[in-house]
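In what follows, a structure is listed as structure tokens, so that the remarks can point back to it.
The values are calculated or read from the model by the stated rules, or taken from the named source; none is laboratory data. This one's a predicted model, so the numbers in the text were calculated from it and none came from an experiment. All Cβ positions, even for glycine, are placed from backbone atoms using ideal geometry, and neighbour counts span all protein chains on display. These accessible areas exclude ligands, DNA and RNA; they are computed on the full protein's heavy atoms, side chains included. Shrake-Rupley method; radii C 1.70, N 1.55, O 1.52, S 1.80 Å.
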Number of protein chains: 2
Amino acid sequence: VGTQVVHSQVKRPLELSSLYDDLEAAGQRPATRVLVNTVVPAPAEVAAALGVPEGDDVHRVERLRLAHGEPMAYLINHLPTGLLDLDTDRLEATGLYRLMRSAGITLHSARQAIGARGATATEAERLTEPAGAPLLTMRRTTYDDTGRAVELGDHTYRPSRYSFEFQLLVRS
Amino acid sequence: VGTQVVHSQVKRPLELSSLYDDLEAAGQRPATRVLVNTVVPAPAEVAAALGVPEGDDVHRVERLRLAHGEPMAYLINHLPTGLLDLDTDRLEATGLYRLMRSAGITLHSARQAIGARGATATEAERLTEPAGAPLLTMRRTTYDDTGRAVELGDHTYRPSRYSFEFQLLVRS
């Protein structure tokens with residue numbers, strides 16, 4: 001586990017898996033720094049994704065995910081209230097999907113969009129990148145087995161450290 | 001089909017489908033400009049992906065894909081020789097996958113990686129973006145039903161015009 005591993009890029013499978021679990025499985029020693037853990041009135045976009053009225057209370061969690069001590073991803077998540085206990089210590093000790101599962105939530109599916117854009121000043125500072133640096137972005141709405149939206153994730157990744165990899169089969 | 005459509009972003013499903021077909025289906029009036037259509041000695045990476053000896057002849061095709069007359073993607077493809085007739089006029093009239101199918105090739109699967117990075121000077125010029133502008137990247141090796149690699153694609157997309165969208169199901 002030397003310099004080469006530290007700087008290697010995580011090639012992440014496109015499955016409804018947790019970044020934390022994937023990093024741990026890859027021997028990347030993930031760590032999480034919780035930057036924000038609060039309740040806010042749901043902005044319109046968040047409300048629409050989570051199926052709650054605009055302005056209703058929702059959890060807002062901002063986390064920095066590190067691998068081998070280096071920032072890899074900046075994760076903003078909104079969740080409905082009343083679903084699970086979002087304790088900061090627990091959020092720093094494990095991944096959000098594990099917390100959901102241990103709260104009895106059965107994850108079923110997600111809609112994801114992957115794009116790219118330049119880092120905002122905040123993102124650049126969090127990820128130790130120059131302002132405007134290219135970032136890989138992922139927006140995801142995750143649903144449980146009752147069809148309820150259980151989270152909206154807005155994630156930015158440092159592309160030197162992170163890419164999505166997957167296999168496709170021809171539509172039959 | 002006005003200004004709003006011209007500047008809308010294409011949200012492309014993650015399937016083994018053709019960008020050309022997807023744009024056409026979305027009413028985006030795709031067009032292709034062939035920039036390079038030649039045979040080159042296979043560089044090491046291309047040779048490894050296509051399963052041919054390094055330095056063997058391979059086709060190199062560079063295309064600009066436009067939607068409503070605006071550059072959307074810069075597509076570099078390498079293909080084994082002897083598979084199909086890569087006529088420039090035909091490449092400008094349709095998509096590469098359609099040409100493959102009409103040559104009797106049955107596409108089966110692909111390995112893809114999606115990432116982001118800053119535009120090189122060449123990419124920026126082709127895509128009418130500033131140098132260093134964030135680009136969405138896709139590298140794909142496509143296999144036919146005999147397991148043979150039939151193309152290696154290195155594609156860059158303007159992220160203001162293009163994103164990948166898809167649904168995921170939990171691993172059971």
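Miscellaneous remarks
- Residue under evaluation A:ALA47, criteria (1) open to solvent by 30 Å² or more (accessible area, probe 1.4 Å); (2) part of a helix (DSSP H, G or I), criterion not met: (1)
- All positions within segment B:159-172 that are more than 7 Å from chain A (Cβ to nearest Cβ), within 23 Å of B:GLU62 (Cβ to Cβ) and either open to solvent by 20 Å² or more (accessible area, probe 1.4 Å) or in a strand (DSSP E or B) (or both): B:SER160, B:TYR162
- Residue list for segment B:87-128, filter: within 14 Å of chain A (Cβ to nearest Cβ), open to solvent by 40 Å² or more (accessible area, probe 1.4 Å) and modelled with pLDDT of 95 or more: B:ARG117, B:THR120
- Any chance B:ALA133 is farther than 21 Å from B:MET72 by Cα and more than 7 Å from chain A (Cβ to nearest Cβ): no
- Hey, B:GLU62 at pLDDT 95 or above, of a type in the set (Asp, Glu) and over 11 Å from B:TYR20 (Cβ atoms) or not: yes
- Every condition in (1) open to solvent by less than 10 Å² (accessible area, probe 1.4 Å); (2) touching a residue at least 24 places away in the same chain (Cβ under 8 Å) holds for B:VAL58 except the one numbered (2).
- Residues in segment B:106-149 that are closer than 27 Å to A:THR156 by Cβ and of a type in the set (Gly, Ala, Ser): B:ALA110, B:ALA113, B:GLY115, B:ALA116, B:GLY118, B:ALA119, B:ALA121, B:ALA124, B:ALA131, B:GLY132, B:ALA133.
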